[in-house]
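Asker: This structure is in structure tokens; I'll ask about it shortly.
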């Protein structure tokens with residue numbers, strides 16, 4: 001467009017020069033030459049500027065491409081950052097969960113250790129109780145063995161009553177009805193029993209008197225309590241007279257309050273009229289004795 005404008009101006013100048021004198025022809029020719037030169041220079045400048053513009057456009061295109069690439073890279077980095085933040089949050093949650101699980105494991109381990117200790121103590125206590133039970137069974141069998149001849153002769157029985165070893169003698173063998181005096185055969189039986197009991201080391205014995213439910217009301221024995229008590233004391237005296245240490249034996253009376261059978265038959269009444277010699281348990285061998293002893297001062 002600029003070239004066209006210059007050409008129009010030149011044409012106008014040439015047209016107007018036809019009206020001028022010959023004297024100015026050279027000047028017009030010079031002007032025309034200068035104008036052509038200027039036009040050529042302008043065209044050269046325009047070409048250079050077009051090249052510069054093209055270069056600028058290419059640079060702008062490159063810059064835009066670089067900017068787009070940078071924006072894409074920034075978007076990729078932002079997405080990566082968000083992804084890493086998500087992974088970090090997940091890792092932190094997993095870490096907290098693991099820490100919680102570890103704490104629980106440590107707690108469980110501590111509890112398990114305590115449980116193992118408790119189990120060990122329980123097993124030790126169970127072993128101790130079993131050993132004590134085995135010892136008591138062995139002691140009972142030994143007592144049976146010691147009294148086997150008297151048992152076979154029908155003079156006594158050996159039982160476990162309320163967890164205690166009991167040597168049971170019938171009062172009908174030992175005493176006449178309503179009496180606390182030992183018969184001849186009864187004294188022999190008591191002496192034999194005392195001799196066996198004396199051989200059992202570190203054991204004390206309690207002689208317990210029992211009657212049936214038939215009441216007695218005499219001046220000497222106002223009730224079955226007194227009769228059962230007198231019979232128990234008679235047996236104790238016979239045992240100590242035969243050599244059993246007095247500090248190992250005592251007497252007690254239950255009257256008719258602890259029947260071993262129903263009193264509604266003659267046989268039942270016979271079973272209830274009895275002397276029971278109880279082997280006093282050794283509490284020191286029972287579980288919990290040490291704690292009981294400490295509690296009692």
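Asker: Give region 162-193 a look and list any residue that's surrounded by fewer than 21 Cβ atoms within 10 Å (Cβ to Cβ) and free of Cβ contacts under 8 Å to residues at least 24 places away in the same chain, or say none.
Answerer: 162, 173, 176, 177, 179, 183, 184, 185, 188
Asker: If I go through region 204-224 residue by residue, how many of them are farther than 20 Å from residue 189 by Cβ and under 55 Å from the mean Cα position of the chain (by Cα)?
Answerer: Total meeting the criteria: 1.
Asker: For region 181-193, enumerate the residues that are more than 22 Å from residue 266 (Cβ to Cβ) and not in a helix (DSSP H, G or I).
Answerer: Within region 181-193, 181, 182 meet the criteria.
Asker: Shifting gears a bit: Testing residue 92 on (1) more than 30 Å from residue 166 (Cβ to Cβ); (2) touching a strand residue (DSSP E or B) at 6+ places or on another chain (Cβ under 8 Å), one condition comes back false. Which one is that?
Answerer: (2)
Asker: Further, regarding this structure: Could you list all residues from region 151-161 that are closer than 18 Å to residue 204 by Cβ and touching a residue at least 24 places away in the same chain (Cβ under 8 Å)?
Answerer: The answer is 161, and nothing else.
Asker: If you check residue 180 against the conditions, is it in contact with a helix residue (DSSP H, G or I) (Cβ under 9 Å, 6 or more places away or on another chain) and modelled with pLDDT of 90 or more? Outline the logic, then answer.
Answerer: On the way: in contact with a helix residue (DSSP H, G or I) (Cβ under 9 Å, 6 or more places away or on another chain): yes; modelled with pLDDT of 90 or more: yes.
Yes: the conditions hold for residue 180.
Asker: When you look at residue 87, is it assigned to a helix (DSSP H, G or I) and either surrounded by fewer than 10 Cβ atoms within 10 Å (Cβ to Cβ) or modelled with pLDDT under 85 (or both), yes or no?
Answerer: The answer is yes for residue 87.
Asker: Is region 150-157 home to any residue that is more than 18 Å from residue 208 (Cβ to Cβ) and not in a helix (DSSP H, G or I)? Step through it out loud before you land on a result.
Answerer: Step one: filter region 150-157 for residues more than 18 Å from residue 208 (Cβ to Cβ), giving 150-154.
Pick out the ones that are also not in a helix (DSSP H, G or I) and you get 153-154.
Yes, because at least one residue in region 150-157 is more than 18 Å from residue 208 (Cβ to Cβ) and not in a helix (DSSP H, G or I).
The values are calculated or read from the model by the stated rules, or taken from the named source; none is laboratory data. What you see is a predicted model, and the numbers here were worked out from it, not measured in a lab. As a convention, Cβ positions derive from the backbone with ideal geometry for all residues, glycine included, and neighbour counts pool all protein chains shown.
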